[in-house]
Amino acid sequence: VKAVLKKREYGPKYTQNNFITGVRAINEFCLKSSDLDQLRKIKRRSPHDDTETFTVYLRSDVEAKSLEVWGSPEALARERKRRKEAEIKYRENLFRNQRLLWEYKEFFGNTKPRSSSAAMFFKGPGKVVMVAICINGLNFFFKLLAWVYTGSASMFSEAIHSLADTCNQALLALGISQSARTPDPSHPYGFTNMRYIASLISGVGIFMMGAGLSWYHGIIGLLHPHPVESLLWAYCILAGSLVSEGATLLVAINEIRRSARAKGLSFYQYVVQSRDPSTNVVLLEDAAAVLSVAVAATCMGLTSLTGNPYYDSVGSLGVGTLLGTVSAFLIYTNTEALLGRSIEPEQLQRLTELLESDPVVRAIHDVKATDMGMSKVRFKAEVDFDGRVVTRSYLEKQDIEQLLQEIQQVKTLEELEAFMLKHGENIIDTLGAEVDRLEKDLKQRNPDVRHVDLEIL
């Protein structure tokens, strides 16, 4: 006759013995830290790399203590509701005080040192965007004056082009500042994708505001042509715009070259993969601006030589087509980035080989490595762990002779159950430690890996 243990039913009473942290005990059960001093403290393995162990409490002990403090579940529920209302009121007051402080600084002058978010605009992509905003804003002003003076359709398209670039780059600056926000409970993976969102909206803005108005003005010029006034000042402004746009283009090219070299990618790969969306927008907008200046100057020159205003309208259509092409590329690349694309196959292969070469791993399945944007990778895999290696790793840390004595003292089924439960839980903790070790190795092998999810089969 086989001796088998009686199957145990695990109900809510058993799950009350789950562990919870001190922070949850204070927040969810409305206790004070002094109330926890009287409870049993249990040391458990920490899920964080920088902490070896941390203290937890039995949920049943915490619930009993909360009832002792508050007297009844109803009183505890009222206290939770009161604290929730107080928290909402505190946040409202905090927002109001921040608003008053901002108005005070605006009135008396802000003498506070620049924050880290402001420092972002003095280097890297932020610097490129700020330079582009200043230059495109000046170009828009002078091109608008030239259009008012000459009535040229091509010059109108150039003015609209510079206005669209200025607005879009202001939007990019907002995206850069928002992407630096720290993660919160509502956005646990941070706000990095704000750069891609701003770049996507920028691409749509170029298409609607830049390309749309340029096409509209060009078509109107073809349907209702009118003579163009002297274009001398328009040529001078276009020449100045060519120099300024070219300078911004060189700044963007140098920044992308530096970043691509740091990532080990070619210039073309870095742009196509949209590794830095903000700099990409500046690069493409300024490249389109330089080309559109050439198109506008050529068509205006033909109009001056022939006296035919149709050439000027064709130039407006050409500028609109160029802007439409740039906007389509930006929309496509940023949409791909927001959808979450896989990392390079070579990088994925290196991470896979690292897992498969570890003795504790028997097999891996369903491997996914998603680029979350701005060189942040999320790695996920289903791992079949070798239980024998995990168990041996646990036994290597035990006193084998003492363990043998414990086995020899087992005489009844109850003693056997207690022995197996004790060491079974310790083996599970060892498995958790092995998972932590593998996650740490993956992050060291590829620093871009920020989040690792290993599912145990």
Filter the range 187-233 for residues that are more than 27 Å from Val281 (Cβ to Cβ) and either outside the structural domain of Val148 (by the TED database) or at pLDDT below 80 (or both) and give the result. Pro188, Gly221, His224, Pro225, His226, Pro227, Val228, Glu229, Ser230, Leu231, Leu232, Trp233
Using the structure shown, decide if Tyr196 is in contact (Cβ under 8 Å) with a residue 12 or more places away in the chain and surrounded by fewer than 18 Cβ atoms within 10 Å (Cβ to Cβ). no
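Residues of the range 308-319 being in a helix (DSSP H, G or I) and farther than 14 Å from Ala287 by Cα, which ones?
First, pick out the residues of the range 308-319 that are in a helix (DSSP H, G or I): 310-319.
Scanning the range 308-319 gives Tyr310, Tyr311, Asp312, Ser313, Val314, Gly315, Ser316, Leu317, Gly318.
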Considering only the range 243-264, state which residues are touching a residue at least 60 places away in the same chain (Cβ under 8 Å) and either open to solvent by 80 Å² or more (accessible area, probe 1.4 Å) or among the aromatic types (Phe, Trp, Tyr) (or both). Lys263
Just the residues that are at negative phi and either at pLDDT below 85 or of a type in the set (Gly, Ala, Ser) (or both), please, taken from the range 59-76. Arg59, Ser60, Ala64, Ser66, Ser72, Ala75
Sort out which residues of the range 140-189 are polar (S, T, N, Q), in contact (Cβ under 8 Å) with a residue 12 or more places away in the chain and assigned to a loop (DSSP other than H, G, I, E, B), and write them in order of number. Ser152
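This table checks each residue for (1) crowded, with 16+ Cβ neighbours inside 10 Å; (2) of a type outside the set (D, E, K, R); (3) touching a Ser or Thr at 6+ places or on another chain (Cβ under 6 Å); (4) not assigned by the TED database to the domain that holds Arg195.
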position: Val360; (1), (2), (3), (4): yes, yes, no, yes
position: Arg378; (1), (2), (3), (4): yes, no, yes, yes
position: Gln398; (1), (2), (3), (4): no, yes, no, yes
position: Glu425; (1), (2), (3), (4): no, no, no, yes
position: Asp429; (1), (2), (3), (4): no, no, no, yes
position: Asp441; (1), (2), (3), (4): no, no, no, yes
Could you tell me which numbered condition Lys41 fails, if it satisfies all but one of (1) open to solvent by 80 Å² or more (accessible area, probe 1.4 Å); (2) closer than 30 Å to Asp453 by Cβ; (3) modelled with pLDDT of 85 or more? (2)
If Asp366 passes every condition in (1) of a type outside the set (Val, Ile, Thr); (2) open to solvent by 30 Å² or more (accessible area, probe 1.4 Å); (3) at negative phi but one, which one does it miss? (3)
Tally the residues that are of a type in the set (A, V, I, L, M), loosely packed, with under 15 Cβ neighbours inside 10 Å and under 14 Å from the mean Cα position of the chain (by Cα), restricting the search to the range 323-358. 1
Starting from residues that are of a type in the set (A, V, I, L, M, F, W, C) and touching a Ser or Thr at 6+ places or on another chain (Cβ under 7 Å), keep the ones in the range 283-316 and report whichever is surrounded by the most Cβ atoms within 10 Å (Cβ to Cβ). Ala296
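With the structure loaded, tell me whether Ala164 is open to solvent by less than 30 Å² (accessible area, probe 1.4 Å), assigned by the TED database to the domain that holds Gly246 and at pLDDT 80 or above or whether it fails that test.
Numbers: open to solvent by less than 30 Å² (accessible area, probe 1.4 Å): yes; assigned by the TED database to the domain that holds Gly246: yes; at pLDDT 80 or above: no.
So Ala164 does not fit the description; no.
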Leu31 vs (1) modelled with pLDDT of 85 or more; (2) open to solvent by 100 Å² or more (accessible area, probe 1.4 Å); (3) part of a loop (DSSP other than H, G, I, E, B): all pass except (2)
Filtered residue count, the range 71-93, keeping only those that are over 13 Å from Glu28 (Cα atoms) and open to solvent by 70 Å² or more (accessible area, probe 1.4 Å): 8
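The values are calculated or read from the model by the stated rules, or taken from the named source; none is laboratory data. Note that the coordinates shown come from a computational prediction; the quantities given were computed from them, not determined experimentally. Reconstructed Cβ throughout: ideal geometry from the backbone, glycine too, with neighbour counts over all protein chains shown. Note: areas computed on protein heavy atoms with side chains; ligands, DNA, RNA excluded. Shrake-Rupley method; radii C 1.70, N 1.55, O 1.52, S 1.80 Å.
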